[in-house]
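Contents: one structure, followed by commentary.
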Amino acid sequence: MSSLFALSRDAEVARSQPAALMLLRSVVGTRGGRAGALLVGAVLALAFLGPFLAPFSPTAIVDTPFAQPSKAHALGTDALGRDGLSRFLCGGRTLALTSFAATLMAYLAGIPLGAFAGVRGGVVDIGAVAVSDLMLAIPSLVFVLVLLAAVGPSLSMVAIGIAAVEVPRVTRIFRAITVEVAALEFVEVAMARGETTASIVVREIVPNLWTALMADFGFRLTASIVLVSSLSYLGLGQAPPAADWGLMVSENQIGLTIQPWIIVVPGATIAVLTFGVNLLTDAFARRLGRSIVSGGVP
Amino acid sequence: MSGPALDVRGLRIEAIGGVEIVDEISFAVNRGEVFGLVGESGSGKTSTALALLGHARRGTRIAAGTVEVDGLNLLTLPPAARRQVRGARITYVPQDATAGLNPRHRIGRQVEEVLVAHGQPRSAVGSLIAQVHLPSDPQFLRRYPFELSGGQQQRVAIAMALSCHPLVVVLDEPTTGLDASTQARILSLLRDLGSQTGAAFVYVSHDLAVVNDLAHRVGVMYAGRLVEVGGREGVFGRPGHPYTSLLLASVPRLSEPRALTGISGAAPPPGHRPRGCAFAPRCPAVIARCREQSPVEVANGDHVARCWRAWEYAPGAGGEGSAPRAAVDSGALLAADGVSASYRHPGRRFQVLWDVSFSVRAGGCLAVVGESGSGKTTLGRCVAGLHQPDGGTLTLAGRTLARRVANRTAAERREIQIVFQDPDRSLNPRQPIREAIGRPLRFFGYARGGVAEQRQMAELLERVRLPPGMLDRYPRELSGGEKQRVAIARALAARPSLLVCDEITSSLDVSIQAAIVAVLEGLRRDGLALLFITHNVALVRGIADLVLVLERGTVREYGDAAAVFGRPAHPYTQQLIASVPDLRLGAGTKGMGRIEAHRRQSDHRDRVADSAC
């Protein structure tokens, strides 16, 4: 009868707040979820508030190249003698924004595709799955590199390329969940009523995908962060002389033995961000790994 | 050696944190006696059953009381000694035998394991298996659990429970997942075992008819309390507690068609139980004192009721033989002619319906009855257009219906509405009730928002007897019965002429079921035709005017309800009716002879089904 308990208690809370907020609260209530939220929050705060706190202009040459950390320059200087700390503080915003935009685009295209294929079934479904599988066979980085080589590197193309890489993954996941939801009787009732597929997707399916989206979001975002930083390391993202964590690693690798801080700190920050996102996602997945029917409310 | 085999006194189980789950449970069971513990979902009967073995589920603990097996208090024993008593002196048979058997071990070995654990000779396996009427040959013992039918698995579980000649056997809903005829065979087995072994049986069930069939003494639980305990004749014949009276009035009876009363409202869950008597908010005989003070036990011989007005309340007799007839017979509304259907599974085709024909007149009620796997759900889905039949025709008011719902006209889709079995799956958890009911209203053009829509939604809720305040709630805030009413209201919003009801009450408690059936009867009086699909033959008795009996996809009998139930012509129908436990007193062994006659046939069927796996 313990489940009965949980139900009645949750039902009471439910009256006062929406399910998504409830879920967020319960996730942050777990130890892993709390740690993840703290790490992600700290890195995002750094990325967005950093530019306002930077002591120097990120592009100004202030000292000799590869100067050791000092009172004036907490992280020393980079290959061109620019202030390491200022470049670090200014270098996270584009990374965060680009990966977030890429993830968002992937969902905007992938969820409707997956939901449509899942509800329709038959040839549409088989086609969507086949195309997704085909695209999944191409390595992500190679795909984006070829795309950027063809149309020329720019930040928006990086985001679009990464979104294109993620769309088949998103499609497959949300198609699978849709198939599960579409087997539920309320969807059959809508079909029996004669509702169009689009109406069924929008009214009956998509509202039931939110919780899965929350659990999946972290994976997509982490993959995007890694791809964006890889691309900027390769010089295909943010163009120099702008500051960027990935770019900082590649610009300064010749001085790795003399002045490692300028490489280690941005690299570690990216690692902390992906680690935090993973912790948070894990907490969501644990919380949600029960049933779709309860809408993630166990 | 005198004294009861099992003596429970003042048992209290709490959730961690002190919320009461059950309290003040006291009863005793003598050797050779079957004690039936009945209650609806959430009444605490399973928590109580587990506590009899000294076990508390995760998140709960046994806070007070004693459980004595042959004078030995289980609750104060050290864990090791308690384990020795469990499985030897007191044993447990779970509801789901499949979950209780290890799928990777042959059944002979599993039974052996229990014997070895309690120092019994291995050689007893054969006789144990034979005791539960299963073949004890080595071939059978080498089978895996999945090679057995549900009934056979339950028999193995019972054999394991009996292996050490226990003094007390606790059975927790052992026949709930089984077909009526399988259930009847298990019950007859238990009856035999009760007199043979001399053990005390505690039989936990939500099914009053089964308990009436089996038990010598009965305890009725409500909201964590034992509200009534007494002999079977006393409790069922002259109940002292209003809850028992109303519960009995909710049970459909095969022997006498009548209107079911049902109990309004729902049982309060733990932590939400009111002060005073927990039944007071739903009780028709409530007085001021009930809301203030917890009632004390009132005894009438060995028959005890926990009520301030014990033996004072008698429910008004339900309307006699109320199966309503439509005023005018306006010819067939829906007719099926030679419908056959199958399911495709990669590479294979399973035929589930063969040549099914029937008709439902406007305002009529056709009951489709059959056991699980008889194809009755597929038939309902074919009518609703959710499953494409392979052959045959369906006509609605003379016009042939397209096989797929997508190819039917809007008017045809509107005319036929369907309500499903599982209330949790039939409402979108992300939509408030307002949306569930409002959408069909707008879709079929009856309303376009505004006051008119509000009024229509309130009317729909009223027709299924729900308060208008429900509109802004979400499905998870509703009980199972309430959700099912919303699903009916949603179907009614389309203003159908035929409602397909697919086992719509089978997941609900009996008092809730009775209330839903009352709603359906009201709708029939307004001229709605019903295609009522169910495995519960007794339930159909009160509402159907026509009956279609399905067995393995074939029509066994079709005709007027009174005729089919009064003089069943086909042996399968006879068997189906005979295996329904009835509440009538003294009905205990009704039809057992007939069941025995069919047992060989059915066992053979089980075996055929097994070998097909």
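Odds and ends about this structure:
- Gaussian network model of chain A, Cα within-10 Å springs - most flexible of A:Ile173, A:Ile138, A:Ile162: A:Ile138
- Taken over the alpha carbons of the protein assembly as shown as equal point scatterers, the Debye sum produces base-10 log I(q)/I(0) values at 0.06, 0.09, 0.10 Å⁻¹ of -0.54, -1.05, -1.20.
- The alpha carbons of chain A occupy a box of 74, 48, 27 Å along the principal axes, longest dimension given first.
- Of every Cα-Cα pair in region B:100-163, the percent that sits beyond 14 Å: 48 percent
- Here r is the Cβ-Cβ distance between B:Arg275 and B:Glu297 and R0 is 30 Å; the resulting FRET efficiency, rounded to 0.05, is 0.95.
- Whole-Hz couplings from phi, Karplus 6.51/-1.76/1.60, listed for region B:33-44; x for Gly and Pro: 9, 9, 9, x, 10, 10, x, 8, 4, x, 7, x
- If R0 equals 25 Å, the separation of the Cβ atoms of A:Val264 and A:Arg25 corresponds to a calculated FRET efficiency of about 0.10.
- Taken along the Cα-to-beta-carbon direction at a fixed 7 Å, the label points for B:Ser123 and B:Thr393 span 7.1 nm.
- Seen from every direction in turn and averaged, the convex hull around the alpha carbons of region B:368-414 projects onto 3.7 nm².
- Here, chain B has an Rg and a Dmax of 25.4, 77 Å when only alpha carbons are counted.
- Ellipsoid semi-axes in whole angstrom, largest first, where each is sqrt(5λ) of the Cα gyration tensor of region A:93-242: 34, 15, 11
- Cα centroid separation - region B:484-562 against region B:197-274, whole Å: 24 Å
- Each Lys and Arg contributes +1 and each Asp and Glu -1, all at the Cβ; summed about the Cα centre of region B:100-163, the dipole is approximately 120 debye.
- Separation in nanometres of the label points that stand 7 Å from Cα toward Cβ, at B:Arg143 and B:Arg525: 5.0 nm
- Region B:198-302: radius of gyration and largest Cα-Cα distance (Dmax), Å: 14.6, 46
- Residues whose amide H falls under 5 Å from that of B:Val500, counting only those 5 or more places apart or on a different chain, are B:Gln417, B:Ile418, B:Val419, B:Leu531, with hydrogens built in the peptide plane.
- The angle between the Cα long axis of helix A:122-136 and the main principal axis of chain A comes to about 20°, on a 0 to 90 degree scale.
- The label point for B:Ala288 and the one for A:Ala60, both projected 7 Å from the Cα toward the Cβ, are 8.5 nm apart.
- FRET efficiency, B:Asp337 to B:Ser264 (Cβ-Cβ, R0 45 Å, nearest 0.05): 0.60
- Dipole axis of the protein assembly as shown (+1 Lys, Arg; -1 Asp, Glu on Cβ), positive-most option in B:Ser123, A:Leu95, B:Thr244: A:Leu95
- Mean Cβ count within 10 Å, highest first, over the residues of peptides B:101-111, B:526-536: B:526-536, B:101-111
- The angle separating the long axis of helix B:107-117 from the principal Cα axis of greatest extent in chain B is about 30 degrees.
- Separation of region B:17-40 and region B:331-356, taken as the distance between their Cα centroids, equals 47 angstrom.
- For region B:28-93, the percent of C-alpha pairs falling in each 10 Å distance bin, counted from 0 to the bin holding the largest distance, reads 18, 54, 27, 2.
- Normalised contact order of chain A, rounded percent, pairs of Cα under 8 Å and 6 or more residues apart: 26 percent
- Semi-axis lengths, Å, region B:250-311, gyration tensor of Cα atoms, sqrt of 5 times eigenvalues: 25, 18, 11
- J(HN,Hα) series, region A:185-192, from Karplus relation 6.51 cos²θ - 1.76 cosθ + 1.60, nearest Hz, glycine and proline x: 5, 5, 6, 4, 4, 5, 5, 5
- For chain B, the relative contact order is 15 percent, taking Cα pairs closer than 8 Å that sit 6 or more residues apart in sequence and dividing their mean separation by the residue count.
- Burial ranking of peptide ranges B:32-41, B:14-23 (average Cβ count within 10 Å, highest at the top): B:32-41, B:14-23
- Alpha carbon Rg of region B:197-247, scaled by the compact-globule rule 2.2 N^0.38 Å: 1.11
- Chain B: angle of helix B:150-162 to the longest principal axis, Cα-based, in degrees nearest 10: 20 degrees
- By average C-beta atoms within 10 angstrom, highest first, the peptides B:454-465, A:212-223: A:212-223, B:454-465
- Projecting the Cα atoms of A:Ser250, B:Leu187, B:Val204 onto the charge dipole of the protein assembly as shown (Cβ charges, centred on the Cα centre) puts A:Ser250 farthest toward the positive pole.
- Distant-in-sequence amide H partners of B:Val356 (H built 1.01 Å from N, under 5 Å): B:Gly338, B:Val339, B:Ser340
- Here, region B:24-158 has an Rg and a Dmax of 16.7, 49 Å when only alpha carbons are counted.
- Shielding of B:36-45 by partner chains, average beta-carbon count, 10 Å: 1
- Counting Cβ atoms of other protein chains within 10 Å of each Cβ in B:429-440 and taking the mean gives 4.
- Cα centroid separation, region A:72-140 to region B:74-89: 59 Å.
- Under-5 Å amide H pairs with A:Arg82, H placed in peptide plane, nonlocal only: A:Val62
- Percentage relative contact order, region B:100-163, counting C-alpha pairs under 8 Å, at least six apart: 47 percent
Every number here is computed from the coordinates shown, using simple stated rules; none is lab data. Note that this is a predicted model, so its numbers are computed, not measured. Every residue, glycine among them, receives a Cβ derived from its backbone with ideal geometry; neighbour counts consider all protein chains shown.
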